[in-house]
Amino acid sequence: MYDLILKGGRVYDGSGMPSFNADIAIRGGRIAAIGRINEPADKALDVGGLAVAPGIIDFHTHFDAQIWWDPLGSSSNEHGVTTVVMGNCGLTLAPCNPEGHDALIGTFVRVEGMPRHSLQAGIPWNWRTHGEFLDALSCRPLGLNVATLVGHCAVRQYAMGEASVEREASDAEISQMEELVRQGMAAGAFGFSTNSNQTHFREDGKPVPSRFANLEEAERLSRVVGASRRGAVQFTHGAFATPEHVAHISRWYDTILKETGRPLIGESIRHRWSEPDLWRNQLYDVAERWRQGFASYAMTSTRRSVRRWSLKDGERFKALPEWKRLMSLAPEARKEELGKAGTRQRLAGEMASSGPASDLSRRWSSVVVNRASRVEHKGFEGKNIDELSRLQGKAAIDAFLDLALAEGLETIFEETNTQGDEQAVREIFQSPYVMLGQSDAGAHVSSGNPGFGFGTILLGYWVRERSIMPLEDAIRKLTFMPASIFGIRDRGLLRPGMAADIFVFDPAAIDLEKPRQVNDLPEGAPRYVQGARGIHYSIVNGAVLMENGVHTGAYPGRVLRSQAR
Ligand SMILES: [Zn+2]
């Protein structure tokens, strides 16, 4: 007698091998059999015509706070995710002593864009060590499985207090940090995360603690992960800010990889119109480290980042000097200048120039009219500026500025800078060294383009509509690949004996729903959520968690530990 049978699906087992028709039987939270199954079960689900895959592993989340008030990890739970990895980017809530609570909250507020009053109201803080954090979480109902990394910022704050954001650590302080990482690994963490991103500050404007670490500190803490012979090191470093930062980062890569022998998850690679060749150089660097035999992984986002802006706010153009000058003028003076032919010529010239420009695409075809404020312009909505220019028989800069000026600068434009060149995206996604899904789930709550649903958009858009890779490969990248890198041993594959974390979807229908704003953070603060279509079931440890987008009421998730205690 089985607990549950999935009848008649097509099995994508996570290995990347060709899919096949089979039933799957589950008993005691594990996969008991795969094949033609006629024995009875407590419950049988007809999944004929649907794809049956391992549950997705959302390996780059910041659910560390949210998981305490939202045990379902929404909206990841709506996208076939069955396991989340928290504690990325050096940011964790453990270890922490009571004096450090406020400082750690300050790192999440600024770097991850979460409201302070929600964090203050929602985090129970009934732990000090990483192990106590895991134990406290184990006592709560959980929808998803949760795995953690030990964050460098928390470790440094614990060992050094406020000095963690002022100076390098002493030998004794590094020794104490080593002990904290060792304790975290012993308690079951899946690795260590650090952060040297030059744009990452605490709420009070001080750099996050891990940015003060020297190479010796990074090396000694990473070596603890190496000595455990488990887990991975996750290294957030952001864009290469200065030559010194480049040298710093490459020394970290070399040292951490050599010293630990563990997989390292480093740079984020995306195609960007603003720096169209950068991705190729980044892929080359990663491949070069692999040629030397080091397990160096990069990650990418399957979602395009979309920005909405108007010419009332100049932030968008701060990297272009003439635009910046104009946008800093008072509105009336700005409008007057934007009407002048000479000014327009200079602005058009800057848009056509090359070189990094922050996150600005500098491409008129990537700028779309999102919302026109006047009725007579509604027909322009959804058109890009190049199309508008052709339609009106005038230069793009004129089409753009004439529209904005006619609407008193109220027009909302939508611009997409990343993952626009499909050939580049294909190479990035197909690289064996690139992990797919950099959701940042739980963070950046006010973004109208939330990171949930990286799997949904991969399977629905990139695989079904753009044929970027076979479905089998996409499933492997979402499941077996992250499970292998972090060492989540019994998940990420559909095989007898493995945990029954399963995701059932319709490859012909899977798609994102529109993001919507809800006010469900502690203290009623707003955030964006986003659901999916075409996802029929997600099953966690053998129990159905989600059925057609609706929570069944079950809480089958667990705190995962990197070794049995
Ligand atoms: Zn992150």
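Exactly one residue among A406, A352, A395, A399 is surrounded by 17 or more Cβ atoms within 10 Å (Cβ to Cβ) and of a type in the set (A, V, I, L, M), and that residue is A399. The range 486-532 holds strands (runs of 3 or more DSSP E) entirely within its bounds, and those carrying 1 or more residues that are of a type in the set (V, I, T) and buried (at least 18 other Cβ atoms within 10 Å of the Cβ) map to 502-505. Of the residues screened, I56 is not one that is under 28 Å from G531 (Cβ atoms), touching an Asp or Glu at 6+ places or on another chain (Cβ under 6 Å) and of a type in the set (A, V, I, L, M, F, W, C).
Based on this model, can you work out whether M177 counts as crowded, with 16+ Cβ neighbours inside 10 Å, at pLDDT 95 or above and more than 24 Å from the chain's Cα centre (by Cα)? Criteria met by M177.
Is it the case that the range 57-66 has a residue that's among the acidic types (D, E), within 19 Å of M299 (Cα to Cα) and at pLDDT 95 or above? Yes: the range 57-66 contains one or more residues that are among the acidic types (D, E), within 19 Å of M299 (Cα to Cα) and at pLDDT 95 or above. With respect to being farther than 30 Å from F505 by Cβ, modelled with pLDDT of 95 or more, out of contact with any helix residue (DSSP H, G or I) (no Cβ under 6 Å at 6 or more places or on another chain) and within 16 Å of the ligand (Cβ to nearest atom), G151 fits the description. Look at S296 and say whether it is within 28 Å of V425 (Cα to Cα), modelled with pLDDT of 95 or more and polar (S, T, N, Q). Yes.
Could you tell me whether any residue of the range 84-100 is under 16 Å from T456 (Cβ atoms), touching a residue at least 60 places away in the same chain (Cβ under 8 Å), more than 16 Å from the ligand (Cβ to nearest atom) and crowded, with 24+ Cβ neighbours inside 10 Å? Lay out the reasoning, then the answer.
Let us first name the residues in the range 84-100 that are under 16 Å from T456 (Cβ atoms), namely 84.
If we keep only those that are touching a residue at least 60 places away in the same chain (Cβ under 8 Å) too, we end up with 84.
Then drop every residue that is not more than 16 Å from the ligand (Cβ to nearest atom), which leaves none.
The answer is no, given that none of the residues of the range 84-100 is under 16 Å from T456 (Cβ atoms), touching a residue at least 60 places away in the same chain (Cβ under 8 Å), more than 16 Å from the ligand (Cβ to nearest atom) and crowded, with 24+ Cβ neighbours inside 10 Å.
Residues checked against (1) surrounded by 18 or more Cβ atoms within 10 Å (Cβ to Cβ); (2) polar (S, T, N, Q):
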{"residue": "D13", "(1), (2)": "yes, no"}
{"residue": "A33", "(1), (2)": "no, no"}
{"residue": "K43", "(1), (2)": "no, no"}
{"residue": "D58", "(1), (2)": "yes, no"}
{"residue": "T61", "(1), (2)": "yes, yes"}
{"residue": "H79", "(1), (2)": "yes, no"}
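Yes or no: the range 450-467 includes at least one residue that is more than 30 Å from M185 (Cα to Cα) and modelled with pLDDT under 95.
Let us first name the residues in the range 450-467 that are more than 30 Å from M185 (Cα to Cα), namely 450, 456-467.
Subsequent filtering for residues that are modelled with pLDDT under 95 retains 450.
Yes: the range 450-467 contains one or more residues that are more than 30 Å from M185 (Cα to Cα) and modelled with pLDDT under 95.
Could we say that Y555 is touching a residue at least 40 places away in the same chain (Cβ under 8 Å), among the hydroxyl-bearing types (S, T, Y), surrounded by fewer than 19 Cβ atoms within 10 Å (Cβ to Cβ) and in contact with a strand residue (DSSP E or B) (Cβ under 9 Å, 6 or more places away or on another chain) here? Against the criterion (touching a residue at least 40 places away in the same chain (Cβ under 8 Å), among the hydroxyl-bearing types (S, T, Y), surrounded by fewer than 19 Cβ atoms within 10 Å (Cβ to Cβ) and in contact with a strand residue (DSSP E or B) (Cβ under 9 Å, 6 or more places away or on another chain)), Y555 qualifies.
For the range 447-468, the set of residues classified as within 16 Å of the ligand (Cβ to nearest atom) and surrounded by fewer than 20 Cβ atoms within 10 Å (Cβ to Cβ) consists of S447, N449, listed by residue number. The single condition among (1) crowded, with 21+ Cβ neighbours inside 10 Å; (2) under 25 Å from the mean Cα position of the chain (by Cα); (3) aliphatic (A, V, I, L, M) that V246 does not satisfy is (1). L134 meets each of the listed conditions (1) away from the ligand (no atom under 16 Å from the Cβ); (2) of a type in the set (A, V, I, L, M); (3) closer than 24 Å to H200 by Cβ apart from (3). Which residues, taken from the range 391-417, are closer than 18 Å to S366 by Cβ and within 34 Å of the chain's Cα centre (by Cα)? Listed by number, the residues that qualify are F400, A404, T411, I412, F413, E414, E415, T416, N417. Within the range 25-37, the set of residues being part of a strand (DSSP E or B), more than 15 Å from R491 (Cα to Cα) and touching a residue at least 24 places away in the same chain (Cβ under 8 Å) comprises R27, A33, I34.
Looking only at the range 266-291, residues that are touching a Phe, Trp or Tyr at 6+ places or on another chain (Cβ under 7 Å) and crowded, with 19+ Cβ neighbours inside 10 Å come to 6 in all. Counting only strands (runs of 3 or more DSSP E) that sit wholly inside the range 234-316, those with at least 2 residues that are away from the ligand (no atom under 16 Å from the Cβ) are 306-309. E336 meets all of the listed conditions (1) outside any loop (DSSP other than H, G, I, E, B); (2) surrounded by 15 or more Cβ atoms within 10 Å (Cβ to Cβ); (3) out of contact with any helix residue (DSSP H, G or I) (no Cβ under 9 Å at 6 or more places or on another chain); (4) not hydrophobic (A, V, I, L, M, F, W, C) but one, namely (2).
The values are calculated or read from the model by the stated rules, or taken from the named source; none is laboratory data. The model shown is predicted, which means the values in this text are computed figures rather than measured ones. Glycine gets a Cβ as well: all are built from the backbone with ideal geometry, and neighbour counts include every protein chain shown.
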